[in-house]
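Student: First the structure, then my questions, so here it is.
The values are calculated or read from the model by the stated rules, or taken from the named source; none is laboratory data. Quick caveat, the model's predicted, so the values are computed rather than measured. Cβ coordinates were reconstructed from backbone atoms using ideal geometry, including for glycine residues, and neighbour counts include every protein chain displayed. Protein only, heavy atoms only, side chains kept; ligands, DNA and RNA dropped before computing areas. Shrake-Rupley method; radii C 1.70, N 1.55, O 1.52, S 1.80 Å.
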Amino acid sequence: MSATIRDVAKAAGVSSSTVSRIINNKGVISEETRDRVLKVMKKLDYVPNDTARSFANGSTSAIALVIDVIEARSFSNNFFNNSVFGIETIAHENNFNLIITNGHMQKGNTTSADKLVFGKKVDGIILPNSLISHTFIGKLNKIRFPYVVLGDPRMLDADNSWVDINNVQGGTLAVHHLVENGYKNIAFLSSGSKEIFNQDRITGYSRALNELGLPVLKERIRHCNSDVGSGLDVMSRMFQAEHPPDAAICSDYYLAVGALRAARQNGIPVPEAFGIISFDNTPVTELSEPSITTVDIDTFGLGEQAASILIRKIKDKDMSSRQILISTKIIERESTKRNRRRQDGE
């Protein structure tokens, strides 16, 4: 039989209410008493009853992360896992449990997220901008329920807390890096036209070309499926144009590998005649031959910041909204070292 709060109190020589205050970190308790009770709890393998605690202090000590189970690729990759790890790290440090739930409708025209929020089973929620709706956000705002959006929720009118990668900066950095290495005719291969992060990356790309006095040509911005075959096909067709690009920025590593294969099949040496930059730093980009320069995005930091804001909002319902952009950086590899190789006489 598991130990109870009364067992802990008796063994530590204190009242049950004292044990409760220590568990909930409430009231003034001497360090000597706190240490003695914690040692007894460890000795007896006592686990606090979270349900009872939630009734006592109005907190579930849990937060939820909403995911899209229909879009398998969106959460079955290292970047999603890194974000979850960042969220879990902050949750653990603050004694919160993390619940992952599905954001799509179930029977009865409701979602798992609805049940967790309005069933008072979590204290706060993190949801991706792809799953937000005016109706759900309106409900959350009405009851002042803490939430944070992963990604810029620009579709919403209300003032919201969100955390996003600075994708405009990423597109700008990629162009500047390529131009500094001797490339001027730069294409952009996007993994979609509807996603905000792709739109922002193209905005950064276009802005940087304008700043550098280079033309922004519509035919050099291509939207593809996120797979190697699409990158190969689209890039091969662009190589057949009258004025083919001498570099490409790819919005993921699938397209980057496809572009690399297209260059090989068309007899175009990388990086001497063609440069490639990929968003997403992965083992694939590092181990490719040649290795692929990347725009590194800190998805772990994305999760950390989202969870930190959420927990602060849980503790302070009057906290003002926070919007954070996580900076990107270039990790240079062989696929863009045209000038370096020329300088080295290769």
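Student: Given the criterion polar (S, T, N, Q) and within 18 Å of VAL168 (Cα to Cα), identify the matching residue among ASN281, ASN266.
Tutor: Just a single option satisfies the conditions, and that option is ASN281.
Student: Go over the candidates PHE145, PHE136 one by one and state the one that is part of a loop (DSSP other than H, G, I, E, B), open to solvent by 20 Å² or more (accessible area, probe 1.4 Å) and of a type in the set (Phe, Trp, Tyr).
Tutor: PHE145
Student: With respect to ALA208, determine if the residue is in contact (Cβ under 8 Å) with a residue 60 or more places away in the chain and not in a loop (DSSP other than H, G, I, E, B).
Tutor: So ALA208 fails the test.
Student: Then there is this: From the list ILE202, ILE249, which one is part of a strand (DSSP E or B) and either open to solvent by less than 60 Å² (accessible area, probe 1.4 Å) or touching a Leu at 6+ places or on another chain (Cβ under 7 Å) (or both)?
Tutor: Going through ILE202, ILE249 in turn, just one is part of a strand (DSSP E or B) and either open to solvent by less than 60 Å² (accessible area, probe 1.4 Å) or touching a Leu at 6+ places or on another chain (Cβ under 7 Å) (or both): ILE249.
Student: Could I ask something else about it? Can you tell me which residue within the range 11-37, out of those that are loosely packed, with under 11 Cβ neighbours inside 10 Å and outside any helix (DSSP H, G or I), is nearest to the chain's Cα centre (by Cα)?
Tutor: ASN25
Student: Among the strands (runs of 3 or more DSSP E) lying completely within the range 262-332, list those that include at least 1 residues that are of a type in the set (Gly, Ala, Ser), touching a Cys at 6+ places or on another chain (Cβ under 9 Å) and under 16 Å from CYS250 (Cβ atoms).
Tutor: Correct list: 275-279.
Student: For PRO153, work out the one condition from (1) modelled with pLDDT of 85 or more; (2) open to solvent by less than 30 Å² (accessible area, probe 1.4 Å); (3) outside any helix (DSSP H, G or I) it doesn't fulfil.
Tutor: Every condition holds for PRO153 apart from (1).
Student: So, in the range 263-302, of the ones that are aliphatic (A, V, I, L, M) and within 18 Å of the chain's Cα centre (by Cα), which residue ends up surrounded by the most Cβ atoms within 10 Å (Cβ to Cβ)?
Tutor: Result: VAL295.
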